[in-house]
Amino acid sequence: MNRFVTAERALRRAAPDELLDAVHRVLAEEYAAQSVELFLADYGLTVLQPVSELPHTAEPVSLHSSIVGRAFGAQEPFVESARGGSVRVHLPVTVRGDRLGVLSVALPDGDVAPGLLEELADIAEVLGHEVVVAERDTDVYLQARRKDRLTLAAEMQWQLLPGRSCARPEFELGAQLEPAYAIYGDNFDWSATADRLMLYVTNGMGEGIEASLLTNLAINALRNARRAGLALPDQACLADQAVYAHYRGRCYLSVLMFDFELATGRAKVVDAGSPQLLRLRDGVVERVTFEAQLPLGMFEETDYVTQEFQVEPGDRLVFVSDGVYAVASPLGEAYGDAALARAVMSTRLLPAAEVPRAILRELTGHRGQPAPEDDALVVCLDWRGR
C-alpha cells in the first residue's frame, strides 16, 4: 500500500502537462514497469489516441478491435501476455463513470497477483482524476483526444458538455454527438445532487457558429437558473427570456428537461420542443410523449409548466434529437420509431455508456453515408433506483 501512496503523491504533485512522465517514473521505480502508455478516447469514440508524442500523437489503436479497446469497453483490467514472460496490463482510466481512456503498463513478471492488479487499477483511477483537473491548465490531453481537427463550433460544444458518461448507485448515463468533429447545436447537460438528477437534452437550431452560440446562451442560462435553486419551469422561463432578449424570436431552441427524485423515481418534465424519448421496460420499447410547449426563445415571456413522469428500477430511457429519428435513407425512408425501437432492443445488453455509440453506428448504416447532414444526439439513462 505504501507503493500506491507514493504513486498517488507523485501524480498529485506533478505539473499538469507532466502526468504521463510522473506515472511512468513512479511505476518504473515502485513496480519495475518496463513501459507505460496512456491512451485517450477520441471525440468520435472510434479510436484510442496515445498521449506519448504530443502535440502529434503516435499511431492510434481501434476502440472496437484492439486489446486496449477491450479494456475500455469492458471497463475491467485486462492482462495480455508479452514476449519473454512479461505482461502488459491494460487499465481503464475512468472518473465517476466518465470513460477517458486506458493506461497500459508493461511488467517483467508474468504472474500478476490480484492485489497488484487492484493497486494498478487504483493508480489508473487517480490518474484519471488528475487528467480532469489538469485540463483546466493545459491543452495536452484535449489535443491528444482529437484524431482530426475540430471545427470552432464543435470546440465550443464539447467544452460546454459535462462529460460523456456518469455513474451513480441510482443511475448510469451515457451520451454521444455526431458528427463529433463538426457538431452544431445539439447538446446535453446533467447535474446530480444527493437527492436529485437534472437532465437536459437539447436540439439546436441552425448551423455552425450561430447554432453553437445559441446553444451556449441557452445552456448557460439554464445552468444559471439551476444553480440559483430555481424549479424546472422557472429555469425554462429564464432561459426563454435570455434567448428571446438576444434573438427576438429569429432563433430558438428545443429542449427536453427532467428533474428526477433519486429516492422515488418521480420526475418533473418540461417538454419545450422536439427531442424524443423511448423507454425500454420489461423487454418492451415504447415512445413516451409529453404535452409539447413552445421552444425556448420563440416568443416573449412564455410560461412553462411541468408534467409528471415515473421511472422504475430497470428502466432504460433513450433520448434522441431529430438528427436521429428524422434521418432519411438513400431511398427517402425516415429512420423513425420502428427503426429506433429495433436499435434500442438490439443494444439492450450493453451498458448505458456504450448504447449511444452503438445506436449511432446503426444510424450510419441507415443513412448510407458516413457524414451526417444534421447533428445526431443520443443520450441513454439506465435507472436502478435506491
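The values are calculated or read from the model by the stated rules, or taken from the named source; none is laboratory data. Source: prediction; values computed, not measured. FYI the Cβ positions are ideal-geometry reconstructions off the backbone, even for glycines, and counts take in every protein chain you see. Protein only, heavy atoms only, side chains kept; ligands, DNA and RNA dropped before computing areas. Shrake-Rupley method; radii C 1.70, N 1.55, O 1.52, S 1.80 Å.
Among the residues of the stretch 65-91, those that are assigned to a loop (DSSP other than H, G, I, E, B) and either touching a helix residue (DSSP H, G or I) at 6+ places or on another chain (Cβ under 8 Å) or open to solvent by less than 50 Å² (accessible area, probe 1.4 Å) (or both) comprise S66, P77, A82, S86.
Among the numbered conditions (1) more than 20 Å from A22 (Cβ to Cβ); (2) open to solvent by 20 Å² or more (accessible area, probe 1.4 Å); (3) without any contact (Cβ under 8 Å) to a residue 60 or more places away in the chain, the only one that V132 does not meet is (1).
The set of residues from the stretch 201-213 being out of contact with any helix residue (DSSP H, G or I) (no Cβ under 7 Å at 6 or more places or on another chain) and more than 14 Å from F188 (Cβ to Cβ) comprises E207, E210, L213. For beta carbons closer than 7 Å, sequence separation of 6+ or different chains, a first residue in the stretch 67-89 that is more than 26 Å from R164 (Cα to Cα) and among the hydroxyl-bearing types (S, T, Y) and a second that is at pLDDT below 95 and open to solvent by 20 Å² or more (accessible area, probe 1.4 Å), the qualifying pairs are S81/G110; S86/Q34; S86/P108; S86/G110.
Out of R342, R281, one residue alone is under 24 Å from the mean Cα position of the chain (by Cα), open to solvent by 40 Å² or more (accessible area, probe 1.4 Å), modelled with pLDDT of 95 or more and of a type in the set (K, R). It is R281.
Exactly one of these conditions fails for P114: (1) closer than 27 Å to N216 by Cα; (2) free of Cβ contacts under 8 Å to residues at least 12 places away in the same chain. Give me its number. Of the numbered conditions (1) closer than 27 Å to N216 by Cα; (2) free of Cβ contacts under 8 Å to residues at least 12 places away in the same chain, the odd one out for P114 is (1).
Here T306 meets each of (1) of a type in the set (S, T, Y); (2) open to solvent by 30 Å² or more (accessible area, probe 1.4 Å); (3) over 27 Å from G385 (Cβ atoms) with one exception, condition (3). For the residues L222, L256, L177, the requirement of being closer than 20 Å to T289 by Cα, under 20 Å from the mean Cα position of the chain (by Cα) and open to solvent by less than 20 Å² (accessible area, probe 1.4 Å) singles out L256. Scanning the stretch 180-199 for residues that are surrounded by fewer than 18 Cβ atoms within 10 Å (Cβ to Cβ) and either assigned to a strand (DSSP E or B) or of a type in the set (A, V, I, L, M) (or both) returns S191, A194, R196. When the residues of the stretch 242-253 are narrowed to those that are out of contact with any helix residue (DSSP H, G or I) (no Cβ under 8 Å at 6 or more places or on another chain) and in contact (Cβ under 8 Å) with a residue 40 or more places away in the chain, which ends up surrounded by the most Cβ atoms within 10 Å (Cβ to Cβ)? For the stretch 242-253, the residue satisfying everything is Y244. Being open to solvent by 20 Å² or more (accessible area, probe 1.4 Å), in contact (Cβ under 8 Å) with a residue 12 or more places away in the chain, over 20 Å from D374 (Cα atoms) and in contact with a strand residue (DSSP E or B) (Cβ under 6 Å, 6 or more places away or on another chain) narrows it down to one of F290, F299, so name that one. Unique residue meeting the criteria: F290. Scanning the stretch 200-211 for residues that are of a type in the set (D, E) and in a loop (DSSP other than H, G, I, E, B) gives a single hit, E207. Taking the conditions exactly as written (open to solvent by 30 Å² or more (accessible area, probe 1.4 Å) and out of contact with any Phe, Trp or Tyr (no Cβ under 8 Å at 6 or more places or on another chain)), does E362 satisfy them or not? Yes: the conditions hold for E362.
Taking the numbered list (1) in a helix (DSSP H, G or I); (2) open to solvent by less than 10 Å² (accessible area, probe 1.4 Å); (3) within 23 Å of G69 (Cβ to Cβ) in turn, A153 passes all entries but (3). Counting only strands (runs of 3 or more DSSP E) that fall entirely inside the stretch 235-341 and contain at least 1 residues that are among the acidic types (D, E) and more than 29 Å from P179 (Cβ to Cβ), the qualifying elements are 254-261, 284-288, 307-310.
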